[in-house]
Structures are given as structure tokens and as C-alpha cells.
Ligand SMILES: [Zn+2]
Ligand SMILES: [Zn+2]
């Protein structure tokens, strides 16, 4: 036998053997973390904090990372964000894993023993506070991943960055960047700069099912503000003024022809929805103005500017057609989360090793993980957390006051996140 070939075979065998050993350790340590992960998740669930107020949560996270001996624990990023850096025993790439920590202004109705009774003030209203999007489980699972990776750090060929971010659901004060964008502006990815970033979101799917999608996975989300300027007059004599109500109605309907008649629907779906419309106070007074707010969603980032331009043009010209003027203001929100196709292909075997996987359709919901994935190749996947035996059609969706996380699925989440990190570092 050729010695070089024998050497290569030995090398190949030892690589496979060590990769297998690492997976055994990952799975064993993940299983060992379960009581802690469940405890943390219930603790966060009972003590939810609204966006940008995650002080208690981030303190629990930081204390855990310190206790595990992370090389760096940075706190206070974009208010309450935490970044933990764990350097492995061997040199290599840098991989980032992200969890979000914030809760929602939702009053919980699950009846769980650890259900939230917390109340707070949101936009001047007294509200219940609930982890209705499952971010309690995201934070707890990533803390479990921290335990797993710290347990195998000497075998890690590279560096792991754990990102615990605030305000994914959006800040109450929108005057400056928040959440992922805020953390990046404050240098989250400056040093070390990750080579790839992974995120995971719980969804009302079969427990343990890992969902994935290549390319645009979550939509951009821009907010549309419209003011149709009329001239107030008597409802019986509309010709004496300029009626913004009929023009607003035309705009609402005409907007729907942009996605269906102007945008290439075979490329990707686009959505514009008016969710709020206000004008006038009385049946026989044509008001001076009508104001409308809406949301604009795009799944292919290359369509975003074009779509926004067409919306703006249509509103201006529909008003002009009746001799009125309209003001259009668009607030840019989260971008499209693009799952890097090469990274998805490379990491799917890791997910398949851990659990059942399924290719999922993209969603027109939005996620600020998009900011991280716009900086470096990213992959955002989903974890099914339905209660055992539930018909998926009847499971409460994220943001429902009855949304629940099946804790049995959390070990899958810990294994999945730890595995993509370990496998990425071992193969890149
Ligand atoms: Zn949410
Ligand atoms: Zn969420």
C-alpha cells in the first residue's frame, strides 16, 4: 500500500472519528443542560421584560457566561445586549450564534404555573407583558449552548460569539437604532468579526421539527404614512371643497394593483397593507385630511426600492388625478433576512443529524436578524415547539396570548445551535 494513501486514509478516519466524538459530547452535554434550560426558560417566562428593558434577563445571561469562563463578556450593547466570546483550544474561524431576549405587550392567558403576571406601560397604556414570541426559550437555549460549547472548548477549532440581543420586537422609542442594528452600530461585529452567523426561532410546528429556507426567508418591513390633503366643506356640496375621503379610498384600492399588476409575482411576493385610516368626525362634513398608515413587505431585496418608488408614485398621482395632494412618508424598517444558499447547503447535514428537517416557505413577517445576516453569511432556521399531539392548525401562533413552547423540543434547539457552530468551525 502506498504510504501517502495510507496516511490520508488514517487522517480521514481520525477526522471522522473526532467529528463523531465531538457530536457525542455535544449531545451528552446538551442533554445534561436540559434541567438548567427548562429552569431558565420558566424564570424568564415568569419575568418577561419589554424591548430595551431586558435588564434582569441580560444580568442572568452575563452571570452565566462569566461562570462558564468565557474569554470576554461584553454588556450594555444597544442598552441591554450581551456578547460572549469563547475561544476554542485550536485556531480557526469565528462563528456567531444569536438569541433575542425581549417580550411583548401581551396579557398571558396560558394558565401555566409560571405564567407571567407582569404589567408595564407601553405607549402610555397599561399592558400585560408576556413572552408570546418564545424569546424566553431562545435565550435559555443559547445559555444551554454556552454550557455545551464551554464543555468542549479545548476541541473547538475557532472562536464562538454568542449574541443575546434586546428589542427584536422593536423599540418604543424609534428615534435611534435598536436591537440588532443598534448592536452592530456599537461594534458588535468589529472584533472579532464573525465569518458566519446563525439564528433560530421557535414556531408553532411539530415539536422538534427544524425548518429551513434558502434565500429570502423573512421579509423587509417598511412603514407607510400617507396624508391626503383636502379642503373641508359641507357633505352636501362637495364641489365647494376637495374631498380627501374618496381619494383615500381610491388609494387604498389602487395600491393593491401594484403587487398584482406591476411587480413580478413570479420572482417573489410583495405586500402593501393599509392597517389604519382616519378622517373626519361627522357624517355631513367632508374633512380637511385623511391619514393612513400601512406596512410594506418584500422578500427579494432587489425589489424593495422599486416597490417603494411605485407606491410613492401611485399615491401622489392618484391624489393629483382629483386635484388634491398627498404626503407620503416611508420609515425604513428591518431588511430581508437572506439565508446564504451555500451556508444552508453546508449546514443542512448538521440539522439533519439532530432532528427531522423540512423546507419551509418564506414568511412575510420580519426579523431583525436580517441586520446580522446582511453583514456576514447567515442562516436563520426554525424549531417546532407545538405541544405534543396538537393539530398544527389549532396551535396558537407566535404573539398569541396562548402561545406556548413545548419544553421537550428545547434540547433539539440546543443540539442544533451547538452543532452548527461546531460543524461550521470543523469544516471551514
Ligand atoms: Zn415576535
Ligand atoms: Zn420573535
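The values are calculated or read from the model by the stated rules, or taken from the named source; none is laboratory data. The shown structure was predicted, so the numbers you read here are calculated from the model rather than taken from an experiment. We place every Cβ from the backbone using ideal geometry, glycine too, and count neighbours over all the protein chains shown.
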>> Consider segment 276-302. How many of its residues are more than 18 Å from residue 230 (Cα to Cα) and in contact with a strand residue (DSSP E or B) (Cβ under 6 Å, 6 or more places away or on another chain)?
In response: 8
>> Show me the strands (runs of 3 or more DSSP E) entirely contained within segment 245-354 in which 2 or more residues are in contact (Cβ under 8 Å) with a residue 40 or more places away in the chain and closer than 30 Å to residue 413 by Cα.
In response: 289-298, 337-339
> Taking segment 44-74 on its own, how many of its residues are without any contact (Cβ under 8 Å) to a residue 24 or more places away in the chain and either surrounded by fewer than 18 Cβ atoms within 10 Å (Cβ to Cβ) or outside any helix (DSSP H, G or I) (or both)?
Replying inline: 9
> Out of curiosity, is residue 172 in contact with a strand residue (DSSP E or B) (Cβ under 8 Å, 6 or more places away or on another chain), at pLDDT below 95, in the same structural domain as residue 83 (by TED's automatic domain parsing) and surrounded by fewer than 24 Cβ atoms within 10 Å (Cβ to Cβ)?
Replying inline: yes
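Have a look at 391, 368, 340, 345 and point out the one that is under 19 Å from the mean Cα position of the chain (by Cα) and either away from ligand 1 (no atom under 16 Å from the Cβ) or at pLDDT below 95 (or both). Explain how you work it out, then say what you get.
Numbers: 391 fails: under 19 Å from the mean Cα position of the chain (by Cα); 368 fails: either away from ligand 1 (no atom under 16 Å from the Cβ) or at pLDDT below 95 (or both); 345 fails: under 19 Å from the mean Cα position of the chain (by Cα).
Answer to the selection: 340.
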> For residue 98, are the conditions met, namely being more than 16 Å from residue 404 (Cβ to Cβ), within 16 Å of ligand 2 (Cβ to nearest atom) and part of a strand (DSSP E or B)?
Replying inline: yes
>> So, residue 146, is that one over 30 Å from residue 21 (Cβ atoms) and either outside the structural domain of residue 420 (by TED's automatic domain parsing) or crowded, with 24+ Cβ neighbours inside 10 Å (or both) or not?
In response: no
> Which ones in segment 413-428 are crowded, with 23+ Cβ neighbours inside 10 Å and touching a helix residue (DSSP H, G or I) at 6+ places or on another chain (Cβ under 6 Å)?
Replying inline: 413, 414, 415, 416, 417, 418, 419, 420, 422
>> Residue under question is residue 93, and the condition is that it be assigned by TED's automatic domain parsing to the domain that holds residue 201, surrounded by fewer than 21 Cβ atoms within 10 Å (Cβ to Cβ) and within 19 Å of the chain's Cα centre (by Cα); does it hold?
In response: no
> Any idea which residue in segment 124-163 is nearest to residue 47 (Cα to Cα), counting only those that are assigned to a strand (DSSP E or B) and within 16 Å of ligand 1 (Cβ to nearest atom)?
Replying inline: 130
> Which condition number in (1) at pLDDT below 95; (2) surrounded by 22 or more Cβ atoms within 10 Å (Cβ to Cβ) is the one that residue 179 fails?
Replying inline: (1)
